[in-house]
Ligand code: KIV
Ligand code: ZN
């Protein structure tokens, strides 16, 4: 078998991805995503930016405490307090990485940092040396490297390598580069940075012109050893390079790149679904690799070709990225084994204490719905696993509505301290009335920024899936709810977001 260079996959879904508007995750969701990334086989999980908030520090800490197979990185500015926060957050990690950054482009140095190039160099070297005292695995990023003077980047990389950096990262922070010139720049850096042969050269590409993946691949062809990317390409503005597209490009075209990764590609689809579910950010249907239509052959001539030989129109199989063509559905007569097998197939961790609860919920659902498919099961797991402890839980609800009357909603919620509250509210439609009733109970009126409802599968007995995003005090909280009743799915989604808000307020 040919010898392929192994590219290091540095996943920043939980940091650059999560910091994008509308992509926030609660701590339980971040842990769930981190577990999935480990299973996927990423080499480094960037778990957050510990100095950015006490919540982020705690979240990096809890991820560092459970991840064994991947390194766990925490981002820091080149400041003592940031590096100290990363040290605290990563102290339990088996393989900690401190990721330090400082901008090197003229525009960032003059207007953002208000520093001269020499001061930037000195600060970066100081920061790497400071962090090196307690962590061996240091990465230094020259923010906005592509718009920086290339010889200055070589110098700062050379000096930070001397100070102890084991990875130097070249970001195209604003997504400005074209693939040809990005590749050339990487080659230049590789050829002109003192000591680069002893460390890994990384790239981090943003997608403002839709070229993040192309630029990352051009960098690999020109000597990059590590790529930074996110699941579904989520991230600041137009996003980051998409992990699944880079990984599958390398796997499908190993002949061209002479490089591969240690990613277990069969975990790609499940991880993509999880990230989409917890962030509430849908994957576009025609998205490469993980979009709903990525393997759909609609035209008759294509279907005919694929039936004769799949390779006529398919360069990779859906199974290779974890899209199961197994159409077998589960129903109320399916046993625990079949249910557990399906959970495993979908990539969920079945040895958690959740199995019993999930199986009971599955039986209730199977009673309401004749058939339960993979999407339904995913929804059950997401409901059960990725939530913060509930401050408020639903006891019962009722709505009255009609064309001649306004709507009124009644809801009774149970508080974790043991008391309950019941309110009746009027509103503009059933959802508005019931959300108003909830607001009166919790004593806050968060802004409803997003309310989306859809069906998980087809048919009138399908489960309704509701996504909400609420904003309070400049923070955003997602909630998701699933039920065969769409008002109940809306209540569940709203309460999940409210509980995330309550949890953060209490911590
Ligand atoms: O885009 C960027 O430059 C970054 C750095 C912090 C690596 O995210
Ligand atoms: Zn970035």
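Take the alpha carbon atoms of the chain, find their radius of gyration, then divide it by 2.2 N^0.38 Å using N residues; give the quotient. Mind showing how you got there, number by number?
Numbers: Rg = 24.5 Å, N = 507, 2.2 N^0.38 = 23.5 Å.
Ratio of Rg to 2.2 N^0.38 Å for the chain: 1.04.
Order the peptides 428-434, 111-117 from the highest to the lowest mean number of other Cβ atoms within 10 Å of their residues. Please list the in-between numbers first.
Working: 428-434: 18.6, 111-117: 12.7.
Going from most to least packed, we get 428-434, 111-117.
Order 442-454, 477-489, 40-52 from most to least packed using the mean count of other Cβ atoms within 10 Å.
Values: 442-454: 14.3, 477-489: 20.8, 40-52: 25.4.
Ranked from most to least packed, the peptides come out as 40-52, 477-489, 442-454.
With label points built 7 Å along Cα→Cβ from the Cα atoms of residue 112 and residue 301, find their separation and express it in nm.
The answer from the label model is 4.9 nm.
Provide Rg and Dmax in Å for the range 86-142, with only Cα atoms included in the calculation.
13.1, 39
How are the C-alpha pair distances of the range 392-506 spread across 5 Å bins, as whole percents from the shortest bin up?
Computed distribution, short to long bins: 2, 12, 22, 24, 21, 13, 5, 2, 0.
May I ask for the angle, rounded to the nearest 10°, between helix 54-66 and the longest principal axis of the chain, with both axes built from Cα atoms and the value confined to 0 to 90°?
Tilt relative to the chain: about 80 degrees.
Please report 396, 304, 206 as a ranked list, fewest other C-beta atoms within 10 angstrom at the top and most at the bottom.
Working: 396 9, 304 12, 206 25.
Going from least to most buried by this count: 396, 304, 206.
Grab the beta carbon distance between residue 360 and residue 414, set R0 = 30 Å, and tell me the FRET efficiency rounded to 0.05. Provide the component values of the computation, followed by the final result.
Values: r = 20 Å, r/R0 = 0.65.
Once rounded, the FRET efficiency stands at 0.95.
So how do 372, 227, 199 line up by other beta-carbon neighbours within 10 Å, fewest first?
In order of increasing Cβ crowding within 10 Å: 199, 372, 227.
Does anything in the range 14-50 have its amide N under 20 Å from the 7 Å Cα→Cβ label point of residue 6, and if so which residues?
Under 20 Å, as judged by backbone N against the label point of residue 6, lie 36-46 of the range 14-50.
Against the longest alpha carbon principal axis of the chain, how many degrees, from 0 to 90 and to the nearest 10, is the axis of helix 268-279 turned?
Between the helix axis and the principal axis of the chain, the angle is about 70 degrees.
Treat the range 168-278 as a sphere of radius equal to its Kirkwood radius over Cα pairs and apply Stokes-Einstein at 10 °C in a medium of 1.306 mPa s; give the translational diffusion coefficient in µm²/s, rounded to a whole number. It would help to have the intermediate numbers written out before the result.
Working: Rh = 14.3 Å.
Answer, rounded: 111 µm²/s.
With axes computed from alpha carbons, what is the tilt in degrees of helix 243-252 against the longest principal axis of the chain, rounded to the nearest 10 within 0 to 90?
70 degrees
In whole percent, what relative contact order does the chain give with Cα contacts below 8 Å and a gap of six or more residues? The partial results should precede the final answer.
Details: 1044 pairs, mean separation 56.1, N = 507.
Worked out over the chain, it gives 11 percent.
Between residue 404 and residue 53, with labels modelled 7 Å along Cα→Cβ, what's the label distance in nm to one decimal, could you check?
4.9 nm
In deg cm²/dmol, rounded to 500, what helix-only [θ] at 222 nm does the chain give when every DSSP H run of at least 4 residues adds -39500 (n - 2.57) and the total is split over its residues? Before the final figure, lay out each step's value.
Numbers: 16 runs with 197 residues, N = 507.
That calculation yields -12000 deg cm²/dmol at 222 nm.
Run through every distinct alpha carbon pair of the range 5-279 and return the Kirkwood hydrodynamic radius in angstroms, one decimal place. Walk me through the numbers before you get to the answer.
Details: mean 1/r = 0.0550 Å⁻¹.
Computed over the range 5-279, the radius equals 18.2 Å.
Does the range 9-106 classify as rounded, prolate or oblate by the C-alpha gyration tensor (a ≥ b ≥ c root eigenvalues; a/c under 1.5 gives rounded; else a/b over b/c gives prolate, otherwise oblate)? Write down the numbers at each step before the final one.
Numbers: a/c = 1.43, a/b = 1.30, b/c = 1.09.
Cα axes put the range 9-106 in the rounded bin.
Order by neighbour count: 388, 60, fewest other Cβ atoms within 10 Å first, most last. Walk me through the numbers before you get to the answer.
Numbers: 388 19, 60 33.
Lowest to highest Cβ neighbour count: 388, 60.
Every read-out reported here was derived from the displayed coordinates using simple, explicitly stated rules and does not represent laboratory data. Keep in mind that what you see is a predicted model, and the values were worked out from it rather than measured. Here Cβ is always computed from backbone atoms with ideal geometry, including for glycine, and neighbour counts include all displayed protein chains.
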